[in-house]
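The values are calculated or read from the model by the stated rules, or taken from the named source; none is laboratory data. Remember, it's a predicted structure, so these values are computed and weren't measured experimentally. Backbone-built Cβ (ideal geometry, glycine too); neighbour counts: all protein chains shown. Note: areas computed on protein heavy atoms with side chains; ligands, DNA, RNA excluded. Shrake-Rupley method; radii C 1.70, N 1.55, O 1.52, S 1.80 Å.
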Amino acid sequence: MPKSRGRKKPSRKQSRGRLRAVPDQADKLQDDELQDEVERRMFTMPYVGTRVGDDDFPALDPGDPDERGILIKGEHPEYHDVLADPDFEGELDGVNPRLHLIMHEMVANQLWDNDPPEAWHAARRLRDLGYDRHDILHALGDVSLTQLHASLTEQRPFDREQYCADLDQLGRHI
């Protein structure tokens, strides 16, 4: 039988007291942050499987940006045929399918990484106003592309502060 090495065994009452530890505010904050992260990531990519053309992808990792791109492509079956054609360049019903998917990937990456956090704040605000997920992603993408276009055409650095301010205005004046 092992010796106690001079340590006294805790009484039953002492042992039970340790089991009844009450979560403190730090634990509650961590739980809230974890819940928010899960909610944000589930909003960003609620699927793990998809179909693109004749290819079936039953179990993808939305945390992997490449696999998330496949999931995003799967959300747009209207583009599958033209995307499968390597010679296709141009628009379909007034939309460039490749640019459209790139916009979705930009927004999904920002939401997934919570960078900037204003993107998720805007998404929640629009969701609370009754917008559907796809329309919210488009609204966020419009703000992103407006800033990106200004940076490219005016040959100036991307203005993150203005971008965050523009995101902050989404859903406030409806």
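Accessible area of residue 102 (1.4 Å probe, protein heavy atoms only, ligands and nucleic acids ignored): about 90 Å². Each label was represented as a point 7 Å from its Cα along the Cα-to-Cβ direction; for residue 70 and residue 96 these points are 2.6 nm apart. Taking amide hydrogens as placed 1.01 Å from N in the peptide plane, the amide H of residue 51 sits under 5 Å from those of 57, each at least 5 positions away in sequence or on another chain. Counting 0.36 nm for each residue step from residue 109 to residue 169 and taking away their Cα separation leaves a gain of 19.5 nm.
Give the shape of the stretch 25-174 as rounded, prolate or oblate, defined through the alpha-carbon gyration tensor: a ≥ b ≥ c are the square roots of its eigenvalues, a/c under 1.5 means rounded, and otherwise the shape is prolate if a/b is larger than b/c and oblate if not. Cα axes put the stretch 25-174 in the oblate bin. Each residue of the stretch 141-155 was assigned a 3J(HN,Hα) from its phi angle through the Karplus expression (A = 6.51, B = -1.76, C = 1.60, θ = phi - 60°), giving x, 4, 5, 4, 5, 4, 5, 5, 4, 4, 5, 6, 7, 9, 6 Hz with x at Gly and Pro. How high is the FRET efficiency from residue 85 to residue 134, r the C-beta distance, R0 25 Å, rounded to 0.05? Efficiency at R0 = 25 Å is approximately 0.55.
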